[in-house]
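Colleague: Pasting a structure here, questions to come.
The values are calculated or read from the model by the stated rules, or taken from the named source; none is laboratory data. Everything quoted here is computed from the prediction, not taken from an experiment. Heads up, the Cβs are rebuilt from the backbone with ideal geometry, glycines too, and the neighbour counts pull from every protein chain shown.
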Amino acid sequence: MLGLFGPLAGLDHAASAEAVDVALVLAVDISYSMDVAEQRLQRDGYIQALNAPDVLAAIAAGPNHRIAVTYVEWAGPSDQTVLIPWRIIDGPGSARAVTDELAAKPYRRAARTSIAGALSYSASLFDAFGGDVARRVIDVSGDGPNNAGPPVTEARAGVVARGIVINGLPIIWRRNVPGLMDIDNLADYYEACVIGGDSAFAIPVKTHETFSAATRLKLLQEVAGDEARPQVIPAAASAVDCLIGEKLWQQHFGTFRN
């Protein structure tokens, strides 16, 4: 929870003096809409991606030959937990150490979906990283729209104003029994309401089988830092209601947000 795992909990002093090509917050949805099997699939995707040879090659090719990562799980407005504090990845050994540490962590689930809370909390973690950072990126994954806490667009604006890029991994595979908070156009929602900053992008995950590949592709682009590529918002995203999650919650439970 935020009270126990505030920004200073995201600092590993061994990492704080390093110069890195990108400092990357991996912000992962653990709301009740994600069952344990899906959480495991999500975490395994990051574990495989961080150890992928092409991702490690991209890290080695950077000016500083290293990146910093921290892994955060999030749900409601005040429910964010740092599972892995800031760690340096500069080769296969350090990558494996980080992912072994992550693999050993227990799974949990929690109520509500506050992407806004996840973004604001993730941005605060950069304050605890004392190294020289070329780029700061929040990599947020989730399977539903914001339905608690501040509006997601307000949180995004505050994060982007600090020069932090927000990329997205919307999880849009369909369940056998869709939840009350599911929306059909989650990929467009992420494009219109969540991602932001220079060269921000979202990669939708449409099947369980493609999660690992999508995660690896996203990490490759984030490590490479292709800032010449403009953010392109599809026309469909321009019609998205960024308060759809709050409105669905109000429709089913009688309160707009809390």
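Colleague: Please give the number of the condition I89 fails out of (1) farther than 13 Å from A23 by Cβ; (2) over 12 Å from the mean Cα position of the chain (by Cα); (3) among the aliphatic types (A, V, I, L, M).
Modeller: (1)
Colleague: Based on what the data block shows, is G144 surrounded by 22 or more Cβ atoms within 10 Å (Cβ to Cβ) and under 30 Å from E246 (Cα atoms)?
Modeller: On the way: surrounded by 22 or more Cβ atoms within 10 Å (Cβ to Cβ): yes; under 30 Å from E246 (Cα atoms): yes.
So G144 fits the description; yes.
Colleague: Moving on. If I filter segment 61-99 down to residues being under 22 Å from Y121 (Cα atoms) and charged (D, E, K, R), which single residue comes out as surrounded by the fewest Cβ atoms within 10 Å (Cβ to Cβ)?
Modeller: R87
Colleague: Restricting segment 207-228 to residues that are assigned to a loop (DSSP other than H, G, I, E, B) and exposed (fewer than 13 other Cβ atoms within 10 Å of the Cβ), which is modelled with the lowest pLDDT?
Modeller: Ranking the qualifying residues of segment 207-228, first place goes to A228.
Colleague: For segment 162-174, which positions are closer than 23 Å to W249 by Cβ and in contact (Cβ under 8 Å) with a residue 12 or more places away in the chain?
Modeller: Of everything in segment 162-174, those that are closer than 23 Å to W249 by Cβ and in contact (Cβ under 8 Å) with a residue 12 or more places away in the chain turn out to be I166, G168, L169, P170, I171, I172, W173.
Colleague: Quick one: which of I172, I164 is surrounded by 16 or more Cβ atoms within 10 Å (Cβ to Cβ), at pLDDT 95 or above and of a type in the set (V, I, T)?
Modeller: Of the residues listed, the single one that is surrounded by 16 or more Cβ atoms within 10 Å (Cβ to Cβ), at pLDDT 95 or above and of a type in the set (V, I, T) is I164.
Colleague: The conditions are (1) surrounded by fewer than 22 Cβ atoms within 10 Å (Cβ to Cβ); (2) modelled with pLDDT under 95, and A104 fails exactly one of them. Which is it?
Modeller: (2)
Colleague: Quick check on my filter: what residues within segment 229-247 are at pLDDT below 90 and among the hydrophobic types (A, V, I, L, M, F, W, C)?
Modeller: Hits for segment 229-247 are V232, I233, A235, A236, A237, A239.
Colleague: Moving to a separate point now. I'd like to check something: does segment 175-190 contain any residue that is within 20 Å of L248 (Cβ to Cβ), among the aliphatic types (A, V, I, L, M) and out of contact with any helix residue (DSSP H, G or I) (no Cβ under 9 Å at 6 or more places or on another chain)?
Modeller: Checked against the condition, which is being within 20 Å of L248 (Cβ to Cβ), among the aliphatic types (A, V, I, L, M) and out of contact with any helix residue (DSSP H, G or I) (no Cβ under 9 Å at 6 or more places or on another chain), segment 175-190 yields at least one hit.
Colleague: Also, quick follow-up: Could you say whether any residue in segment 117-127 is over 17 Å from R162 (Cα atoms) and either out of contact with any strand residue (DSSP E or B) (no Cβ under 8 Å at 6 or more places or on another chain) or of a type outside the set (F, W, Y) (or both)?
Modeller: Scanning segment 117-127, I find no residue that is over 17 Å from R162 (Cα atoms) and either out of contact with any strand residue (DSSP E or B) (no Cβ under 8 Å at 6 or more places or on another chain) or of a type outside the set (F, W, Y) (or both), so the answer is no.
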